[in-house]
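Everything on this sheet refers to the single structure shown next.
The values are calculated or read from the model by the stated rules, or taken from the named source; none is laboratory data. Everything numeric here is computed off the predicted structure, so don't read it as measured data. Cβ placement follows ideal geometry from the backbone for every residue including glycine, while neighbour counts extend to all protein chains displayed.
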Amino acid sequence: MKSLVSGPHSFPGLARSAALACALAAATSPLAYAQAPQPTAPAEAPPAPAQPAPRSGMSESVAAVVNDEIISTYDLGQRMRLLIATSGVQPTEQTLPQFQREALVSLVDERLQFQELRRVEREQKIDIVASDEEVDAEIADMAKSNNMSAEQFLQFLRAREIGVDTLRQQIRAQISWARWIRGRYGSRLRIGDDQISATLTRMQADAAKPQYQVSEVLIDANRVGGMQQAMQGAQQLVAQMQQGAPFPAVARQFSALPTAAAGGDAGWVGQGEMPPAVQQVLEQMRPGQLSQPIQVRDGVYIVYLRDKRSGGGATLVHLKQAAVALPQGADEAAARAKLEQLRPQITSCDALEAAAGKVEGVVASDLGEAELTDLAPQFKAAAEGLQVGQVSEPIRTGAGLHLVAVCGRRTAGGANMDRDAIENRLYGQQLSMIARRYMRDLRNSATIETR
């Protein structure tokens, strides 16, 4: 969870000396943790100093005060190093202010979150803050996603003069805050059947329209100090990604959307699922293109169009059958009688195999999914006239007699989410909105002073 410090904040001495030194010391081939698309660190441990980076490289002073709690320039420099090493964005004179702003905003957020968590723990006599064991497990997962051991991962950071405590603090805040939000609000959220049905209906209606496989980043204007800062930051990120910075790594570190945890992967989206300004840009893009910054109400979007598929595709049907093999010209009366007796016992597609297995000479099979136009004429006619879950009358083909059940029907290229998946998606969106409002309220009520 990331946060807001109102207004731009500049530390000229830090940005030109210590921060630039941090940047130049950081990896030129950055490690983007949490499943970056291409790990850039070798499997074997790189050379690293035995001890964490010393603090003597920069004079420590106060960068900000959050409700009387100090954020030092050392803390700020360390967080900048971590952002540089994990975002894939190269440090330059142009990007350093963005790293500085993002690092400060993140540290302020974490201070507010820990202050709130400690208050809740005291009042409710519960434990919320993540344990060392939980933090260690998350670090191990990060290392594994980059084909490294936990120790190799930490050595990678030490080699870039990033203190291990800097990473641990960030992870502890993320785990603890997510736990508290789920615990406080998760059980209260109710996704109604009407919401699920409305979403499913809209998705089905949009199945005939183009679909876009999108990765996304949102720079939250409130969080970074205004729309101008959000636009400038987005422009710098676009320039860096055009030069090779991995989109997933950038999304994880800079995006304010729930998809940040998945590297910005929003999956397949249709019309109406993205802000109108973003939708207009998507319609003009080709797969493989990265957008320029797109201003929306809450900030600035960057989208990467991974793929696109046309709507209005062919109808796909999923069929199962129960059949009796008969050569051409054979008497079919006995076989037909068997299938007529079997037909009312097939109460669903799931029950077809079990019911057919009780009748001698009848073989059940799953025909899978196929385009309606590709089916044999007899099967096509039956599938067109049946609803999902219905079973045909016996159908004669050159191979025998068949009962055909329609188990599913959809439009090619359309959304294919079941009700559970839709419910989970709506739940995640609402929980994310609540979390952002919670953080906004904490910021508004806090005393935040930058120096």
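Being modelled with pLDDT of 90 or more, surrounded by fewer than 17 Cβ atoms within 10 Å (Cβ to Cβ), over 30 Å from residue 104 (Cα atoms) and out of contact with any strand residue (DSSP E or B) (no Cβ under 9 Å at 6 or more places or on another chain) holds for only one residue in 284, 280, and it is 284.
Could you run through region 342-365 and say how many residues are part of a loop (DSSP other than H, G, I, E, B) and either in contact with a helix residue (DSSP H, G or I) (Cβ under 6 Å, 6 or more places away or on another chain) or among the polar types (S, T, N, Q) (or both)?
5
Within the option set 101, 81, being surrounded by fewer than 23 Cβ atoms within 10 Å (Cβ to Cβ), at pLDDT below 95 and under 14 Å from residue 253 (Cβ atoms) holds for one residue only, 101. Within region 328-358, being of a type outside the set (Lys, Arg) and in contact (Cβ under 8 Å) with a residue 60 or more places away in the chain holds for 328, 332, 335, 339, 342.
Please tell me if residue 348 is hydroxyl-bearing (Ser, Thr, Tyr) and closer than 20 Å to residue 399 by Cβ. It is false that residue 348 is hydroxyl-bearing (Ser, Thr, Tyr) and closer than 20 Å to residue 399 by Cβ. Is it fair to say residue 256 is over 30 Å from residue 371 (Cβ atoms), assigned to a loop (DSSP other than H, G, I, E, B) and touching a residue at least 40 places away in the same chain (Cβ under 8 Å)? Yes; evaluated as a whole, the condition is true for this residue.
Tally the residues that are among the aliphatic types (A, V, I, L, M), modelled with pLDDT under 90 and closer than 15 Å to residue 99 by Cα, restricting the search to region 209-244. So the answer is 1. Residues in region 282-295 that are farther than 10 Å from residue 230 by Cβ and either out of contact with any Asp or Glu (no Cβ under 6 Å at 6 or more places or on another chain) or hydroxyl-bearing (Ser, Thr, Tyr) (or both): 282, 283, 284, 285, 286, 288, 289, 290, 291, 292, 294.
Apart from one condition, residue 399 fits all of (1) over 30 Å from residue 116 (Cβ atoms); (2) surrounded by fewer than 16 Cβ atoms within 10 Å (Cβ to Cβ); (3) free of Cβ contacts under 8 Å to residues at least 60 places away in the same chain; (4) not hydroxyl-bearing (Ser, Thr, Tyr); the exception is (3).
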